[in-house]
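The values are calculated or read from the model by the stated rules, or taken from the named source; none is laboratory data. Please read all numbers here as calculations on a predicted model, not as lab measurements. Reconstructed Cβ throughout: ideal geometry from the backbone, glycine too, with neighbour counts over all protein chains shown. Just the protein is used for accessible areas: all its heavy atoms, side chains included, with ligands, DNA and RNA removed. Shrake-Rupley method; radii C 1.70, N 1.55, O 1.52, S 1.80 Å.
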Amino acid sequence: MILTKLDISNFRNIQSLTFEPHTSLNLISGKNGSGKSSILESIQCLSTGHSFRTRRARELIQRNSEAFAVTALFRDPESSRDHRAGLQRQRDGKTDMRLDFQEISSIAEVTRLLPIKSLTPDSHKLIQEGPEERRQFLDWGVFHVEPSFFEIWRQFKRSLSQRNQLLRDGGSSQELSSWDALFLESSNKIDEFRRKYVEALAKALEIRLNTLESVFHVELQYRSGWSADFELSELLVRNADYHRRMKTTTDGPHRAEMLMLSDGIPAKQMLSRGQQKVLVYLLHLSQLDLLQTIQKRQAIVLCDDLTSELDSDHSQRVIQQLVDLRGQIFVSGVDLSVLEIQNHERIHMVNGNIEKVV
Ligand SMILES: Nc1ncnc2c1ncn2[C@@H]1O[C@H](COP(=O)(O)OP(=O)(O)OP(=O)(O)O)[C@@H](O)[C@H]1O
Ligand SMILES: [Mg+2]
């Protein structure tokens, strides 16, 4: 997808801003606090309802304003179809979402049409923090390549939450088992999707690592979230007392993990900080590769503060690789003059306004 026009109002320090982005690379520079990240956040928010810096949309509403609004025109380069999406969010939580002038009830419709990949200074969490980060990363990929994933994931969340509520309330075995069919069916499907995705991702990552002639090797391994020696249905029976005692379901896809091993040792322990940063970017690039090979689609890529994360040589290389994928890219940074890349637009921000477009 290519954003052709973006309108932002009352979003953080941006009171009103309209711009027509470059179809390939947009370099957004400006002093600290000028509103660079805010532009990127507004794009992500339009697609997913929250930004990469906060899940609380209320924080994004400009101080002393009642609501923010983001509207975008975007084009599918494959079909040359134009779309329009709009999101308005009020302080009291009321949200108005529109796609092609129709009111919609779930933002997932926009997310599906307008995939956004955010690479931010927090991206190292993918290696440094707990399995939840990696499950979210995996599910971004699965969501965009498996059309039925979202509905199955919703069923899973519903059955898990009902099951856990019954475990907390001391519900009867009969009540519990009434949710098991849905829980098992959705869990096994999610497991199958994720397993297949990690296999494909591992191959894509290997190709990326080879092209970089990197000195490290990384193997991806997937863990279901329950013992590999049993079917999940068996474990629900075997561990029923344990689940009751713990007042929660301790087996299932909500406990899944994607291990990243370098020479058999977790990447978190084995790789240097710099290598870990490079690995994070390669993992995201590999997801974009899969989106392109499986779905013939490109995501819009948001790189917040890239040059503070990577040295200029690596920044240049990452951006060039993103440009080669032919998606649209937005890069923010205090000083992006070190980047020498052809075919781009430079946008300079001052106090929430675009000062000049070069
Ligand atoms: N709800 C809000 N209302 C008004 N202003 C806000 C709100 N939230 C954040 N701001 C301000 O918006 C400004 C822009 O923030 P933003 O993160 O976009 O800056 P930036 O250009 O990315 O800076 P940096 O280079 O430090 O990353 C900041 O000065 C911040 O204090
Ligand atoms: Mg910023």
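Flag: Ser148 does not match the condition of being more than 25 Å from Thr48 (Cβ to Cβ) and open to solvent by 50 Å² or more (accessible area, probe 1.4 Å).
For first residues located in the stretch 247-258 and within 17 Å of Glu234 (Cα to Cα), partners that are β-branched (Val, Ile, Thr) and buried (at least 20 other Cβ atoms within 10 Å of the Cβ) and lie 6+ apart or on another chain with Cβ distances below 6 Å form the pairs Pro253/Ile190.
Of all residues in the stretch 152-192, those satisfying the criterion of being surrounded by 14 or more Cβ atoms within 10 Å (Cβ to Cβ) and of a type in the set (A, V, I, L, M, F, W, C) are Ile152, Trp153, Phe156, Leu160, Leu166, Leu167, Leu176, Trp179, Leu182, Phe183, Leu184, Ile190. Can you find a residue that is over 22 Å from Lys36 (Cβ atoms) and outside any helix (DSSP H, G or I) anywhere in the stretch 273-295? No, the stretch 273-295 contains no residue that is over 22 Å from Lys36 (Cβ atoms) and outside any helix (DSSP H, G or I). Listed by first and then second residue, the pairs linking a residue in the stretch 311-340 that is within 16 Å of ligand 1 (Cβ to nearest atom) to a residue that is open to solvent by 80 Å² or more (accessible area, probe 1.4 Å) and basic (Lys, Arg), with Cβ atoms under 9 Å apart and 6 or more places separating them unless they lie on different chains, are Val334/Lys31.
Residue-by-condition table, conditions (1) away from ligand 1 (no atom under 12 Å from the Cβ); (2) open to solvent by 10 Å² or more (accessible area, probe 1.4 Å); (3) farther than 22 Å from Ser337 by Cα:
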site	(1), (2), (3)
Asp7	yes, yes, yes
Phe11	no, no, yes
Ser16	yes, yes, yes
Glu20	yes, yes, no
Gly30	no, no, no
Gly33	no, yes, no
Lys36	no, yes, no
Ile39	no, no, no
Leu46	yes, no, yes
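Taking the numbered list (1) outside the structural domain of Ile39 (by TED's automatic domain parsing); (2) surrounded by 17 or more Cβ atoms within 10 Å (Cβ to Cβ) in turn, Gln292 passes all entries but (2).
For the stretch 51-74, a residue qualifies if it is modelled with pLDDT of 95 or more, open to solvent by 20 Å² or more (accessible area, probe 1.4 Å) and away from ligand 1 (no atom under 13 Å from the Cβ), and the qualifying residues are Ala69, Thr71, Leu73.
For the subset of the stretch 101-144 comprising residues that are among the hydrophobic types (A, V, I, L, M, F, W, C) and open to solvent by 30 Å² or more (accessible area, probe 1.4 Å), which member is nearest to Leu271 (Cα to Cα)? Out of the qualifying residues, it is Trp140.
Residues in the stretch 296-310 that are more than 16 Å from ligand 1 (Cβ to nearest atom) and within 23 Å of Cys45 (Cβ to Cβ): Arg297, Gln298, Ala299, Ile300, Val301. Among the residues making up the stretch 300-315, those that are part of a helix (DSSP H, G or I), more than 16 Å from ligand 2 (Cβ to nearest atom) and farther than 12 Å from Tyr281 by Cβ are Ser312, Asp313.
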